[in-house]
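Structure, as structure tokens:
The values are calculated or read from the model by the stated rules, or taken from the named source; none is laboratory data. Just so you know, these numbers come straight off a predicted model, no measurement behind them. Cβ placement follows ideal geometry from the backbone for every residue including glycine, while neighbour counts extend to all protein chains displayed. When the accessible area is computed, the model is the full protein with side chains, heavy atoms only, and any ligands, DNA or RNA have been set aside. Shrake-Rupley method; radii C 1.70, N 1.55, O 1.52, S 1.80 Å.
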Amino acid sequence: METLDWKNLPFGYIKTDYNIRCVYKNGKWGKLEVSSSEYIDIHIAATGLHYGQEAFEGLKAYMGKDGKIRLFRWEENAKRMISSADGVKMAAFPVELFREALFKVIDLNKKYMPPYGSGATLYIRPLLYGSGAEVGVKPATEYTFLVFVTPVGPYFKGGVKPVNMLICRDVDRAAPFGTGIYKVGGNYAASMRAIIAAREGGYANTIFLDALEKKYIDECGPANFFGIKDNTYITPKSESILNSITNMSLIEIAKSLGMKTERRQVPVEELSTFTEAGACGTAAIISPIAKIFDPGTNKVYEYCKNGEPGAQSMKLFNKLVAIQSGDEPDRFGWITILD
Ligand SMILES: Cc1ncc(COP(=O)(O)O)c(C=O)c1O
């Protein structure tokens, strides 16, 4: 095992030994190839560079107390990457090859697998892009899939801390019939101005509203939004948000804990009725929200007034983390153990 300072690792890139690549040419995917290079050789006219024909995924491998490496709902990431590929007209990377590439890249980089109890995990980043050359706007005939891993530290060092969010009213991340439901790079490029403005204002991130009416909550930067009131977990339904696998899982956990769940449009004014609010995604699982500022109305919505995360959010968080690390039995069938 590498001797890294696991507890203090950032959420950033650290070089590991190997990555896996695979090329689609003449209408079919080739064999998985192992590479020790951190670089790719790319055609100057590749559609991934010019026309944003690219998609990516993000998931984590967790070390259990039993010394076994666990993957969480990787099939959902494989399926989402197929949907994203279709969204920008790329060749789909098959689920079975996705599984093989994941298992192989983790196995080859086992020494970077953070130990149980450190809070750190092995982040897995699959990427798919148009590598064939085109000058006119059209899909490439060649694609490259690759997957690398990098160890990442606990998102909240020293315990879960509530964060402040800024509602964004002057930038749209995605349009109603656009690509917001896909995990494609263009959405992230479109969100950068808003995220930077929020950070410069001292906020952890931005909350995007629906682009058409600016009435409903879409999502929180690179995470989904949820609010809790009267034992009900409420999360936005929108045609322009990424369907978070963490959110899907929290909904199931909430139900199993006897909570009601609602997936529907969430008007901004409803923020004042929630007792708890949070952002959810693979990186932090749950970031409880302390305060939301809406510059459009000058309203401030406050939660966690004592500075502590809400009890129901923490219950959901602890349950999901316990399943991921194998501390609690996985009765949902979400975990794949790598043997
Ligand atoms: C825009 C966006 N929304 C939500 C999420 C959370 O999704 P997941 O829970 O699958 O990580 C992510 C992260 O992948 C994201 O980039």
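Some values worked out for this structure:
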read-out	value
222 nm mean residue ellipticity, helices alone, for the chain (DSSP H n ≥ 4; -39,500 (n - 2.57); rounded to 500)	-7000 deg cm²/dmol
Net charge of Cβ neighbours under 14 Å - reference Glu276; Lys, Arg +1; Asp, Glu -1	0
Residue order for Glu54, Glu269 - accessible surface, 1.4 angstrom probe, largest first	Glu269, Glu54
Local net charge near Pro176, Cβ-Cβ under 13 Å (Lys/Arg +1, Asp/Glu -1)	-1
Alpha-carbon Rg/Rh ratio, for region 104-144, with Rh computed the Kirkwood way	1.30
Accessible surface, 1.4 Å probe, highest first, among residues Ser272, Ser238, Ser84	Ser272, Ser238, Ser84
Region 146-238: GluC sites (Glu not before Pro) in DSSP coil with no more than 12 other Cβ atoms inside 10 Å	Glu213
Nearest-10 value in Å² for the accessible area of Tyr51, using the 1.4 Å probe	90
Region 156-278: C-alpha gyration tensor shape, a/c 1.5 cut-off, then a/b vs b/c	prolate
Asp294, Asp210, Asp5, reordered so the largest accessible area comes first (probe 1.4 Å)	Asp5, Asp210, Asp294
Of all DSSP beta bridges in the chain, antiparallel share, percent nearest 5	80
Normalised contact order of the chain, rounded percent, pairs of Cα under 8 Å and 6 or more residues apart	19
Cα principal axis extents for region 1-93, largest first, Å	44, 27, 25
Straight-distance crosslink candidates among lysines, where the alpha carbon sits under 26 Å from Lys15 and sequence neighbours closer than 8 are dropped	Lys7, Lys31, Lys60, Lys65, Lys68, Lys104, Lys110, Lys111, Lys157, Lys183
For region 223-327: Kirkwood Rh in Å [reciprocal of mean 1/r, alpha carbons]	14.1
3J(HN,Hα) from dihedral phi, region 201-213, Karplus parametrisation 6.51/-1.76/1.60, rounded to Hz, x for glycine, proline	x, x, 9, 6, 6, 10, 10, 7, 9, 4, 6, 6, 10
Cα gyration tensor shape for region 209-284, rounded if a/c is under 1.5, else prolate or oblate	oblate
Inter-part distance where region 5-33 and region 185-247 are each reduced to a Cα centre, Å	28
Global form of the chain, assessed from the alpha-carbon gyration tensor, a/c cut-off 1.5	oblate
Per residue accessible area of the chain, 1.4 Å probe, in Å²	46
Residue-wise HN-Hα coupling along region 286-300, computed from phi with Karplus coefficients 6.51, -1.76, 1.60 (Hz; x: Gly, Pro)	10, 10, x, 9, 8, 8, 10, 10, 10, x, x, 10, 6, 8, 10
Alpha-carbon Rg/Rh ratio, for region 53-133, with Rh computed the Kirkwood way	1.04
